[in-house]
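In what follows, a single structure is set out as structure tokens and then discussed.
The values are calculated or read from the model by the stated rules, or taken from the named source; none is laboratory data. These figures come from a predicted structure and were not determined experimentally. All Cβ positions, even for glycine, are placed from backbone atoms using ideal geometry, and neighbour counts span all protein chains on display. Note: accessible area is taken over every heavy atom of the protein model, side chains too, but ligands, DNA and RNA are not part of it. Shrake-Rupley method; radii C 1.70, N 1.55, O 1.52, S 1.80 Å.
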Amino acid sequence: MGKRIRQLLVALLVGGLLVVVGPTAVAWSGASGRKHEQVADVEARDVALVLGAGVLPNGSPSTFLKGRLDLAADLYKAGKAKVILVSGDNTEKYYNEPEAMRRYLHEQRGVPLEDVVRDYAGIDTFHSCARARQIFGVSKLTIISQSYHLPRAITTCRMVGVDAQGLGDTSVRGRRAWRAGELREVPANMKMIFDVIVGRDPILGPPEDGVTKALRRPR
């Protein structure tokens with residue numbers, strides 16, 4: 001094998017590694033010092049953002065989503081969040097993540113309906129973060145997801161102008177889907193770089209004052 005061919009192969013290998021590893025390094029760097037797994041360690045902020053994670057056919061949250069919602073309720077009851085913004089998918093007529101999330105928080109965890117605001121176009125992490133800032137006017141929040149997802153979630157929010165810290169659920173750690181989720185973060189981090197750096201346009205619309213009204217509510 002000629003020297004120039006070897007150099008080319010090495011360059012391709014290094015470039016490939018940078019493409020794969022670089023976005024993950026960006027995600028972890030952006031979330032450094034901002035990831036938590038205990039409510040007690042979280043700084044109090046007015047808004048908690050819960051990312052959608054699937055709803056069962058009977059309308060109840062999936063196991064992963066339930067873990068996120070329970071953490072959000074614990075954060076709320078500890079006085080470390082005043083409003084919970086539930087952001088999920090409602091692109092199909094009979095599939096409504098935000099409504100299922102709000103119903104669970106109220107009926108199962110006792111969070112007042114007035115303090116749960118729904119974002120119906122949170123189809124992925126990028127949209128949820130961008131819409132929190134541009135539609136709901138939130139500039140600082142606690143984002144809640146599974147712990148392996150926090151680096152990307154926190155960094156995405158920070159990249160679109162939201163000062164985010166994260167609270168991660170570990171109640172479903174050990175399930176097969178957990179490992180699959182960890183592996184999925186590698187390509188998802190690459191997509192994060194494309195979404196934010198390249199300038200993907202989020203689904204927007206007119207501003208909504210649900211969060212502002214909830215924060216003004218007498219307590």
Query raised in the report: Taking interchain pairs and intrachain pairs at least six residues apart, which have beta carbon atoms under 8 angstrom, with the first residue in segment 195-219 and farther than 11 Å from Glu114 by Cα and in a helix (DSSP H, G or I) and the second open to solvent by less than 80 Å² (accessible area, probe 1.4 Å) and hydroxyl-bearing (Ser, Thr, Tyr)?
Result: Asp195/Thr156; Val196/Thr156
**Report entry** Those residues of segment 80-96 which are assigned to a loop (DSSP other than H, G, I, E, B) and either in contact (Cβ under 8 Å) with a residue 12 or more places away in the chain or among the hydroxyl-bearing types (Ser, Thr, Tyr) (or both), in sequence order
**Finding:** Lys80, Ala81, Lys82, Gly88, Asn90, Thr91, Tyr94, Asn96
Report summary line: Exactly one of Ala53, Ala78, Ala72 is out of contact with any strand residue (DSSP E or B) (no Cβ under 7 Å at 6 or more places or on another chain), surrounded by 11 or more Cβ atoms within 10 Å (Cβ to Cβ) and modelled with pLDDT of 95 or more, and that one is Ala78
Report task. Confirm whether Glu107 is surrounded by fewer than 17 Cβ atoms within 10 Å (Cβ to Cβ) and modelled with pLDDT under 95. Result -> no
Report task. Give segment 46-79 a look and list any residue that's touching a residue at least 60 places away in the same chain (Cβ under 8 Å) and either in a strand (DSSP E or B) or over 22 Å from Tyr148 (Cα atoms) (or both), or say none. Result -> Asp46, Val47, Ala48, Leu49, Val50, Leu51
Query raised in the report: Can you pull out the residues in segment 137-156 that are open to solvent by less than 10 Å² (accessible area, probe 1.4 Å) and over 8 Å from the mean Cα position of the chain (by Cα)?
Result: Val138, Leu141, Thr142, Gln146, Pro151, Thr155, Thr156
Report summary line: Glu99 meets each of (1) loosely packed, with under 14 Cβ neighbours inside 10 Å; (2) under 19 Å from Pro61 (Cβ atoms); (3) free of Cβ contacts under 8 Å to residues at least 60 places away in the same chain with one exception, condition (1)
Query raised in the report: Which number in (1) more than 17 Å from Asp46 (Cα to Cα); (2) open to solvent by 70 Å² or more (accessible area, probe 1.4 Å) marks the one condition that Gly122 misses?
Result: (2)
Report task. Using the structure shown, decide if Gly161 is over 26 Å from Met190 (Cβ atoms), open to solvent by 10 Å² or more (accessible area, probe 1.4 Å) and out of contact with any Cys (no Cβ under 8 Å at 6 or more places or on another chain). Result -> no
Query raised in the report: What do you reckon, is Gly181 assigned to a helix (DSSP H, G or I), of a type in the set (Gly, Ala, Ser) and either surrounded by 15 or more Cβ atoms within 10 Å (Cβ to Cβ) or without any contact (Cβ under 8 Å) to a residue 40 or more places away in the chain (or both)?
Result: yes
Query - Within segment 162-219, tally of residues that are among the basic types (Lys, Arg) and either within 22 Å of Ser145 (Cα to Cα) or touching a Gly at 6+ places or on another chain (Cβ under 9 Å) (or both) - result: 6
